[in-house]
Amino acid sequence: MIYLTRKCEFSASHYYHNPQWNDEENRRVFGKCANLNGHGHNYTLEVTVKGEIDPVTGFVVDLKELKDLLNHEVVEAMDHRHLNKEVPEFASTMPTSENIAIAIWQRLDQKLKVAKLHRVRLYELPDLFVDYYGEA
Amino acid sequence: MKAYLTRRYMISASHRLQSAVLSDEQNRATYGKCNNPHGHGHNYALEVTVSGQVSPETGMVCNLVDLDEAVHRNVIDRFDRQNLNTLADFAGLVPTTENLAEVIYNILKQGFRSAHLEKVRIEETLMNSFEYAGDEAWRH
């Protein structure tokens, strides 16, 4: 088994707001992130896939296919967008790094043909990141 | 769904590696420059990884404010800008980064209960890093 990690970046805005709570409770729990005008981050995504090395190509996965998949499912869908308003997953869930990592996993998992998805690591800041391994 | 959250902090501290059970000559041979009697310092980068179910109410494993508060109060306030050799945590314990990782893990295991402490990782320099997860296996 060999592991391959591909990186990409996207910049997006978001805010945190639980509609079941009043403004005061939202501000208490989410602090500055509750500002409904939103704010933005430069996200760095690391996607790790695993599999056996193809004896013919020497690849665990065709990097071009993986790059195209990341571009289509993540960059085109999320780069320079407002996550709450433009990405369907976040119409009903909060676009925290935890939920963005899970959404990216779900977008990629079914579409990887050869290798298997191992880990989605999403950096919201250089000193803050989330890992998701597809666990329930 | 279970996710893992990692937060990175900086700690600047000095230390001297000197084992009480070794002779001066053995200490010099074992620790080299790190045995300099006057000590030396590092900018340690501490990564704390916690895990748990993502809350449907908040979208979070734990509130970052709570984690930051616990790490600042229990770890950073205790070790930042300190000489590790002078602290009670290292009485009888050589302040290697291996031991620092164990000490910090044990402090946070007691001091942070809002999510499961998965592991601590410390970069002593850009070339050396150490990870400790107690007796638990952790995900790579």
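Descriptive notes on the structure:
- Residue with peak Gaussian network fluctuation, chain B [Cα springs, cutoff 10 Å], from B:28, B:16, B:121: B:28
- Computed accessible area, residue B:107, all protein chains, 1.4 angstrom probe, square angstrom: 20
- Prolate/oblate/rounded label for the protein assembly as shown (Cα gyration tensor, a/c 1.5): oblate
- In this simple spin-label model, placing a label point 7 Å from the Cα along the Cα-to-Cβ direction at both residue B:22 and residue A:82 gives a separation of 6.1 nm.
- The count of lysine pairs in the protein assembly as shown that are at least 8 places apart or cross chains, and whose C-alpha atoms lie under 24 Å apart, stands at 27.
- Ranking B:10, B:127 from most to least accessible surface, computed with a 1.4 Å probe over the protein chains only, gives B:127, B:10.
- Computed from protein heavy atoms with a 1.4 Å probe, the total accessible area buried between B and A is close to 2000 Å².
- This model, with +1 at the C-beta of Lys and Arg and -1 at the C-beta of Asp and Glu, gives the protein assembly as shown a dipole about its Cα centre of some 180 debye.
- Accessible area (Å², 1.4 Å probe, nearest 10) - residue A:89: 50
- Rounded to the nearest 10 Å², the accessible area of residue B:48 at probe 1.4 Å: 0
- Positive-end residue, the range B:1-57 charge dipole about Cα centroid, Cβ charges, pick of B:3, B:52, B:19: B:3
- Residue mean of other protein chain beta carbons inside 10 Å, B:60-66: 4
- Karplus (6.51, -1.76, 1.60) ³J(HN,Hα), θ = phi - 60°, over the range A:42-51, in Hz, Gly and Pro reported as x: 9, 8, 10, 10, 10, 10, 10, 10, 9, x
- Largest GNM mean-square fluctuation among B:43, B:99, B:27, using chain B with Cα springs under 10 Å: B:27.
- Between residue B:82 and residue A:9, the FRET efficiency estimated from the beta carbon spacing at R0 = 30 angstrom works out to 0.20.
- Of all accessible heavy-atom area on chain B, the percent that carbon and sulfur account for (1.4 Å): 50
- Residues in the range B:72-83 carry Karplus couplings, in order, of 5, 5, 8, 10, 5, 4, 7, 10, 5, 6, 10, 9 Hz; the curve used is 6.51 cos²θ - 1.76 cosθ + 1.60 with θ = phi - 60°, and Gly or Pro positions show x.
- Accessible surface comparison of A:7, B:119, B:109, probe 1.4 Å, protein chains only, largest first: the order is A:7, B:109, B:119.
- Here chain A is assigned +1 on the Cβ of each Lys and Arg and -1 on the Cβ of each Asp and Glu. Its dipole about the Cα centre then comes out at about 100 debye.
- Overall, the accessible surface of the range A:1-120 at a probe of 1.4 angstrom is composed of carbon and sulfur to the extent of 49 percent.
- Residues residue A:36 and residue B:12, FRET efficiency given R0 of 41 Å [Cβ-Cβ distance, rounded to 0.05]: 0.60
- For residue B:57 and residue B:133, a Förster radius of 22 Å and the Cβ-Cβ distance give a FRET efficiency of 0.20, rounded to the nearest 0.05.
- Solvent exposure ordering (accessible area, 1.4 Å, most first) of B:38, B:72: B:38, B:72
- Gain on full stretching of the segment that runs from residue B:74 to residue B:1 - 0.36 nm per residue minus C-alpha separation: 23.4 nm
- Buried on complex formation within the range A:88-116 (loss of at least 10 square angstrom of accessible surface versus the isolated chain, 1.4 Å probe, ligands and nucleic acids ignored): A:94, A:96, A:98, A:99, A:102, A:106.
- At a probe radius of 1.4 angstrom, the accessible area of chain B per residue rounds to 52 square angstrom.
- For the peptide B:1-14, the mean number of other protein chain Cβ atoms found within 10 angstrom of a residue's Cβ is 5.
- Chain A: C-alpha gyration tensor shape, a/c 1.5 cut-off, then a/b vs b/c: prolate
The values are calculated or read from the model by the stated rules, or taken from the named source; none is laboratory data. Computed from a predicted model, the values in this text were never measured in an experiment. Note that each Cβ is placed from the backbone with ideal geometry, even for glycine, and that neighbours are counted across all protein chains shown. Side chains included, ligands, DNA and RNA excluded: accessible areas come from the protein's heavy atoms. Shrake-Rupley method; radii C 1.70, N 1.55, O 1.52, S 1.80 Å.
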